[in-house]
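The values are calculated or read from the model by the stated rules, or taken from the named source; none is laboratory data. Please read these numbers as outputs of a predicted model, since none were measured by experiment. Every residue, glycine among them, receives a Cβ derived from its backbone with ideal geometry; neighbour counts consider all protein chains shown. Protein only, heavy atoms only, side chains kept; ligands, DNA and RNA dropped before computing areas. Shrake-Rupley method; radii C 1.70, N 1.55, O 1.52, S 1.80 Å.
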Amino acid sequence: KSVVVVGDKGPNYNWLTNQKEFRGPLYSVQVDENEIKGIEERGFTNYKSLADVPGDIDLLICAVPRQVVPRIVADSVARGIGGIAMFTAGFAETGEDLGIDLQHRIVAAANEVGMPIVGPNCMGIYNRRLGIRFSAEMEHAEGGNLSILSQSGNHSASITNEAQFLGMQVTRTISMGNAAILNEADYLEYLAWDPETQYIGIYIEGPRDGRRFFQTLREVTKIGRAHV
């Protein structure tokens with residue numbers, strides 16, 4: 001019902017402008033005065049602190065540098081935010097001690113309160129009906145029966161856009177990235193019980209929990225909840 005974008009930058013401010021069709025409250029959090037000017041010129045309301053954003057926050061889109069992410073997660077926990085789509089990269093996928101440590105820290109903080117995080121190192125989520133998008137080409141409309149789950153951010157966008165170009169009505173897309181908290185089995189289970197999903201397309205390079213994923217896949221196909 002509400003979205004906050006933290007750390008969006010110009011010149012195009014893609015994370016904010018991609019949500020322009022979203023009908024609920026949409027806010028920005030940015031401390032850089034040079035960026036604030038561009039954000040406000042485009043008609044978006046900006047706050048310098050997450051604590052200042054009014055009302056409940058369902059989704060936070062995180063686009064800050066990786067060293068700032070633990071602070072954003074801590075502030076999100078304090079605010080009771082519903083969940084985070086974490087575009088920020090530079091975590092465990094780098095193989096660096098710093099990146100691995102930062103990922104461990106944000107996972108521990110989020111898990112302590114049961115806060116879901118999509119990613120990090122991902123494009124986040126697309127919802128056709130709500131107008132939540134990570135690509136300007138993604139449709140905002142009613143209907144749809146196909147959902148996409150992709151480990152690759154680039155593939156999640158290209159598959160969705162090409163499918164829609166060919167006339168398929170994609171209703172959900174999830175780019176899962178590092179799958180630090182929610183993994184492919186969680187997303188598959190969610191999509192299987194989503195009333196707006198009849199077909200599920202999946203691109204995975206390496207399952208985080210292969211045993212559970214394939215068990216979930218067998219269960220989904222056995223009960224006929226969705227065609228995968």
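Listed values, structure above:
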read-out: Some residue of region 94-105 being open to solvent by 30 Å² or more (accessible area, probe 1.4 Å), of a type in the set (Ser, Thr, Tyr), farther than 27 Å from residue 151 by Cβ and at pLDDT 95 or above; value: no
read-out: Of all residues in region 42-66 being assigned to a helix (DSSP H, G or I) and charged (D, E, K, R), the one that is most open to solvent (accessible area, probe 1.4 Å); value: 52
read-out: Where a residue in region 49-73 is among the hydroxyl-bearing types (Ser, Thr, Tyr) and its partner, wherever it lies, is open to solvent by 30 Å² or more (accessible area, probe 1.4 Å), with Cβ under 9 Å and at least six apart; value: 49/31; 49/75
read-out: Count of region 179-203 residues which are open to solvent by 50 Å² or more (accessible area, probe 1.4 Å) and either in contact with a Phe, Trp or Tyr (Cβ under 7 Å, 6 or more places away or on another chain) or farther than 26 Å from residue 62 by Cβ (or both); value: 4
read-out: Hey, residue 176 open to solvent by 20 Å² or more (accessible area, probe 1.4 Å) and without any contact (Cβ under 8 Å) to a residue 60 or more places away in the chain or not; value: no
read-out: Which numbered condition residue 89 misses (of (1) closer than 25 Å to residue 207 by Cβ; (2) part of a loop (DSSP other than H, G, I, E, B); (3) touching a strand residue (DSSP E or B) at 6+ places or on another chain (Cβ under 8 Å)); value: (3)
read-out: Answer from 46, 34 - the residue that is more than 21 Å from residue 123 (Cβ to Cβ) and at pLDDT below 95; value: 34
read-out: Residue check for residue 39: part of a loop (DSSP other than H, G, I, E, B), crowded, with 18+ Cβ neighbours inside 10 Å and in contact (Cβ under 8 Å) with a residue 24 or more places away in the chain; value: no
read-out: Boolean, residue 127 is surrounded by fewer than 21 Cβ atoms within 10 Å (Cβ to Cβ), at pLDDT 95 or above and either under 22 Å from residue 18 (Cβ atoms) or aliphatic (A, V, I, L, M) (or both); value: yes
read-out: Residue satisfying all of: in region 137-155; out of contact with any Lys or Arg (no Cβ under 8 Å at 6 or more places or on another chain) and open to solvent by 30 Å² or more (accessible area, probe 1.4 Å); nearest to residue 217 (Cα to Cα) among these; value: 145
read-out: Matching residues, region 27-36, being assigned to a helix (DSSP H, G or I) and either within 24 Å of residue 77 (Cα to Cα) or open to solvent by 60 Å² or more (accessible area, probe 1.4 Å) (or both); value: 33, 34
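So that you can scan it fast, the table gives a plain yes or no per residue for (1) within 21 Å of residue 85 (Cα to Cα); (2) open to solvent by 80 Å² or more (accessible area, probe 1.4 Å):
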{"residue": "157", "(1), (2)": "yes, no"}
{"residue": "166", "(1), (2)": "no, yes"}
{"residue": "205", "(1), (2)": "yes, yes"}
{"residue": "215", "(1), (2)": "no, yes"}
